[in-house]
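The structure appears right after this line, and notes come after that.
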Amino acid sequence: MELALFYYLLLGFAVLMYVVLDGFDLGLGILYPWFKSENERDHMMRSISHVWDGNETWLVFGGVVLFAAFPAAYAGILSTLYIPIILMLIGLIFRGVAFEYRFKSTRSKKLWDLSFSLGSAVATFCQGAILGAVVQGVEAGEQTALQWLSPFGIFTGLSLMVAYALLACCYLVLKSRGDIMRRAAHLGRRLVVAMMVILAMVSMWTLLSNAEVRARWLEGYNYIWLAPLPLLSAAFGWLLYRDLDGEPHETRPFWLAAGLFVMGFSGLVVSLFPYIIPHQLTFMQASAPDSSMAFLLPGVLIFLPLIGAYTLWGYRIFSGKVEDFEEGY
């Protein structure tokens, strides 16, 4: 029980780290159509050129934990969601190739801009659609190949695009000056409003469509104990909207946006616990034998601190504004 719970929480931590860290660089690709000049796009690419591949380490780490600690969930999710997962990986490949070739190209730079933008949008939409399918519950062998394109899955896919774009706006405020920073703040204020509406709609949709989630939040005095999550979300949204006004605060918006993600993810965990596949498998039912999880533990205890340390070190080394899009920091 203890090991299974540890890996369940570890999986959630890896997913949250990936969503926050890779979310802003995927969001920059989604924002590309609003920044049309070559210099602006050079600046945006340079601001994440040192972290984008490291951010995706958390996706790999989360996949390894799911495969090793919860093989039944890994088999059930992947066998049902092969199409969006493959499309997501194709999108990530295209944007990764665009990073490597765009800085070296001259005549084909517009093509790599398109590759980066479309790859980011496709990968983000697929991640949101996968989330929507998992929240609704996946049952291998009983769904068609396009069942993940349900109304809720499409909505969560588009919602995640809005969320990543908001995080990217806050990251640009953190990393830019002048016109780029002001335009990012202006876009960010609009996206904050959209994000708060989306959070309310997803919450209500889930409550109305899922009796177990409704009972978890509203039964007895649960709504009192869980009230801090929506209240903190509203507070973060209001503070973020205020900090992006006029001459925006440079550092606080990004942390407030990350706080919104943490609150949303916490609400998701509260709603679904102890399920790893809702309505089908709890984390205890999906867990590997204790001997397998114990065998995996030394590697986790060694590599998790290393991943965290080099992530922190990389962001510390490249902290501050990107002053020159040609030279970077």
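The values are calculated or read from the model by the stated rules, or taken from the named source; none is laboratory data. As the structure is a prediction and not an experimental result, all values here were calculated from the model. When we count neighbours, we look across all protein chains shown, and the Cβ atoms used for this are built from the backbone with ideal geometry, even at glycine.
Observations on the model:
- Taking the criterion of being without any contact (Cβ under 8 Å) to a residue 12 or more places away in the chain, among the aliphatic types (A, V, I, L, M) and within 27 Å of residue 14 (Cα to Cα), the residues of region 214-245 that qualify are 227, 231, 235.
- Just one of the listed residues (149, 118, 131) is within 20 Å of the chain's Cα centre (by Cα), at pLDDT 85 or above and closer than 26 Å to residue 273 by Cα, namely 131.
- Each residue in region 64-91 was checked for being among the hydrophobic types (A, V, I, L, M, F, W, C), part of a helix (DSSP H, G or I) and buried (at least 20 other Cβ atoms within 10 Å of the Cβ), and 6 pass.
- Within region 60-81, being in contact (Cβ under 8 Å) with a residue 24 or more places away in the chain, farther than 19 Å from residue 3 by Cβ and within 20 Å of the chain's Cα centre (by Cα) holds for 77, 81.
- Subset of region 194-211 (residues that are farther than 14 Å from residue 267 by Cα, at pLDDT below 90 and in a helix (DSSP H, G or I)): 208, 209, 211
- Considering (1) closer than 21 Å to residue 322 by Cα; (2) assigned to a helix (DSSP H, G or I), the lone condition that residue 248 does not fulfil carries the number (2).
- Being in contact with a Ser or Thr (Cβ under 7 Å, 6 or more places away or on another chain), in a helix (DSSP H, G or I) and either at pLDDT 90 or above or on the phi > 0 side of the Ramachandran plot (or both) holds for only one residue in 167, 160, 191, and it is 160.
- Top-ranked residue of region 216-230 - restricted to ones that are among the aliphatic types (A, V, I, L, M) and more than 22 Å from residue 19 (Cα to Cα), ranked as modelled with the lowest pLDDT: 218
- Subset tally (residues that are more than 30 Å from residue 226 (Cα to Cα) and surrounded by 16 or more Cβ atoms within 10 Å (Cβ to Cβ)) for region 269-328: 9
- Restricting attention to region 190-215, the residues being under 19 Å from residue 262 (Cα atoms), surrounded by 12 or more Cβ atoms within 10 Å (Cβ to Cβ) and not β-branched (Val, Ile, Thr) number 8.
- Criterion: touching a residue at least 60 places away in the same chain (Cβ under 8 Å) and under 26 Å from residue 223 (Cβ atoms) - qualifying residue of 248, 278: 278
- Among the conditions (1) within 20 Å of the chain's Cα centre (by Cα); (2) in contact (Cβ under 8 Å) with a residue 40 or more places away in the chain; (3) surrounded by 15 or more Cβ atoms within 10 Å (Cβ to Cβ), residue 181 misses just one, which is (1).
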